[in-house]
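First up is the structure itself, then whatever we jot down about it.
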Amino acid sequence: MPIHRLPPETVNRIAAGEVVERPASAVKELVENALDAGATRIEVQADGGGLTRILVADDGQGLSAAELPLAIERHATSKLSPDDAGDYDLLHIATLGFRGEALPSIGSVARLSISSRAKGSSDAHAIFVEAGAVGAVSPAAFPDPHGARVEVRDLFYATPARLKFMKSERSEAMAIADEIKRQAMAHEAVSFTLDLDGRRTVRLPAETAGPEGRLARLSDIMGREFSDNALALDHEREGVRLSGFAGLPTYNRGNAAHQYLFVNGRPVRDRLLQGALRAAYADFLARDRHPLAALYVELDTAYVDVNVHPAKAEVRFRDPGLVRGLIIGGLRHALAAAGHRASTTVASAALGGFRPGGYQPPPSGAGYSAWRQGGWQPQAGGALAAAVQSIPGLTEVSARAEPNWEPHWQEGGVAEDGAPAPVFDPVDYPLGAARAQVHETYIVAQTRDGVVIVDQHAAHERLVYERMKHEMADGGVTRQALLLPEVVELDPAEADRVVAKAEELAALGLMLEPFGPGAVLVRETPALLGETNVQGLVRDIADDLAENGQALALKERLEDVCSTMACHGSVRAGRRLTAPEMNALLRQMEATPHSGQCNHGRPTYVELKLADIERLFGRR
């Protein structure tokens, strides 16, 4: 078949298939045009999942009558300017759009109308495009002083085959709502509204530019509880700045839907974010739980390429390792600074479990006693191994209860002037003073304005785990030599990636070296793992390196072993504790980072405010 040129209409429809995949893609392009035009108010309407009608109205700079015909020509844009030599620089793109493909692509597959009034102009004009056929510019009515109104009807009617691949109207409408929310999170100073089939779905007023306004916008989208359970990030390294908010480990979800990355104000999807979040939260969440995060990366436009995806949904960093390391480091710093803090949703869930009148008296019968309900029986062999004890007094035999115990703690003994030191009331500690132990599992403590309930096993497990990690980091990982070194066959590219990380893996106790093309030789493994499947371990590491650029598999296996050891070496449920033991546990929790959640992301304590408790009993 001889080579021939395609007609312009066919070329435009091919291009439209890349740029406008679905109605949400059209909305994305139109909203980005409005943002580039300096809009502070964007209104979106969509009917029939966006396939019947889409309207995007803004108060931006608007278009003049002379600019309207150019706006619908391919590769015509106001966002790129030539330099003195007449060259266009594609390495310093500071706008969301730059290709000049969106409007002509939409116009080639739908019925497109644009009405606009340029800022400072008294007249408004409109232009119509139907399946690529361009009409004349004509005067038009326009309700606002300046801005643009872009209406798209019968999307993909000119390409019926594309319509067959559309999902249900509900799915397409949800995709549009998600796109509006992502754009709104990236631009908190712009107000957004979205109407779906005549019903107001999203209404986000403009917020003050900056962290406070950004957090308010994120809370409107990700849930009101997010602001109470978010950790602020603000770090900079080698010209790259990371800001935003990440949720506490105990405030998590069952999927990764609420993980967002914005690069220079552009919402992007990047595997780098998921890998970084997984690495940062590996110690705190089970593998099937996911944190909430909205991270904003700002860097020189020369160090990020946004021209790598037709829909501009992906970017490529010149130094992805720097960005990834900054995200992981920033998240870990924020998590460490959170200390023993746990999410407020834990207390809300606990309060929601209380129902007035829900108490049922125990069945009557001989021998019933409230003192025996908890099964208070001494346990033989309750002493714990000294190697995992970090709280004084936990190996002592404790009494069933501590009658008449009152705290009279003093700090400093005698002041410098010889006067007695002031008495410090333990209820002023963040986790308060221990008052009781119930069911030999939970510690009840009193704070100045509420009650704290601590799971003694989960709390001590976290304390032991953190100490084991610290010791492992200080002394390195003990290695054990294999009786017969094991050869692991890999793809040549995988083998090269693994060998390139040999030094990092050696620090984790895995000694390996190249063994010809496409193979590595393993000589030593971490002693903590015991007898392990070397083949599976190395292949998991190779997969992690290919996906995330870091050997997470080995770290996670070591952490799982430490977690298991900490679980077996911690205070078990059913262990009776004295008041000094309970208070010692509370004080060490306050001094230990991440003690608010166990190794699987579950809370170690619940705090109930006195005001909430009073509401339960109608006292407020």
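The values are calculated or read from the model by the stated rules, or taken from the named source; none is laboratory data. No experiment lies behind these values; they were computed from the predicted model shown. Cβ placement follows ideal geometry from the backbone for every residue including glycine, while neighbour counts extend to all protein chains displayed. Heads up: the accessible areas ignore ligands, DNA and RNA and are worked out on the full protein's heavy atoms, side chains in. Shrake-Rupley method; radii C 1.70, N 1.55, O 1.52, S 1.80 Å.
Figures for the structure shown
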item: Residues of region 502-512 satisfying the condition of being at pLDDT 85 or above and open to solvent by 50 Å² or more (accessible area, probe 1.4 Å); result: 511
item: Subset of region 531-580 (residues that are at pLDDT 80 or above, closer than 29 Å to residue 273 by Cβ and of a type in the set (Gly, Ala, Ser)); result: 536, 542
item: Subset tally (residues that are closer than 15 Å to residue 145 by Cα and aliphatic (A, V, I, L, M)) for region 35-65; result: 5
item: Listing of helices (runs of 4 or more DSSP H) fully contained in region 1-95 that carry 2 or more residues being open to solvent by less than 50 Å² (accessible area, probe 1.4 Å), out of contact with any Gly (no Cβ under 8 Å at 6 or more places or on another chain) and at pLDDT 80 or above; result: 23-36, 67-71
item: Those residues of region 302-319 which are loosely packed, with under 15 Cβ neighbours inside 10 Å and either in contact with a Cys (Cβ under 6 Å, 6 or more places away or on another chain) or assigned to a helix (DSSP H, G or I) (or both), in sequence order; result: 302
item: Scope region 127-140; condition of a type in the set (A, V, I, L, M) and either surrounded by 16 or more Cβ atoms within 10 Å (Cβ to Cβ) or at pLDDT 90 or above (or both); matching residues; result: 127, 129, 131, 134, 136, 137, 140
item: Hits in region 231-265 - residues which are of a type outside the set (Gly, Ala, Ser), open to solvent by less than 50 Å² (accessible area, probe 1.4 Å) and either within 10 Å of residue 330 (Cβ to Cβ) or not in a strand (DSSP E or B) (or both); result: 231, 233, 235, 242, 248, 249, 250, 251, 258
item: Yes/no for residue 443 being open to solvent by 40 Å² or more (accessible area, probe 1.4 Å) and in contact (Cβ under 8 Å) with a residue 60 or more places away in the chain; result: no
item: Residue match in region 156-175 (condition: surrounded by 15 or more Cβ atoms within 10 Å (Cβ to Cβ), closer than 17 Å to residue 106 by Cβ and in contact with a strand residue (DSSP E or B) (Cβ under 6 Å, 6 or more places away or on another chain)); result: no
item: Close pairs from region 270-282: first under 20 Å from residue 315 (Cβ atoms), partner hydroxyl-bearing (Ser, Thr, Tyr) and not in a helix (DSSP H, G or I), Cβ under 9 Å, at least 6 apart; result: 273/260
item: Residues being without any contact (Cβ under 8 Å) to a residue 12 or more places away in the chain and either charged (D, E, K, R) or buried (at least 20 other Cβ atoms within 10 Å of the Cβ) (or both) - total across region 572-618; result: 2
item: Hits in region 401-439 (condition: surrounded by 12 or more Cβ atoms within 10 Å (Cβ to Cβ), part of a loop (DSSP other than H, G, I, E, B), modelled with pLDDT of 85 or more and not aliphatic (A, V, I, L, M)); result: 429, 430, 432
item: Region 96-126 - residue that is open to solvent by 40 Å² or more (accessible area, probe 1.4 Å) and either touching a Ser or Thr at 6+ places or on another chain (Cβ under 6 Å) or of a type outside the set (D, E, K, R) (or both) and, of those, modelled with the highest pLDDT; result: 125
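Yes or no, residue by residue, for (1) at pLDDT 90 or above; (2) of a type in the set (D, E, K, R):
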site	(1), (2)
203	yes, yes
207	yes, yes
224	no, yes
253	no, yes
262	yes, no
275	no, no
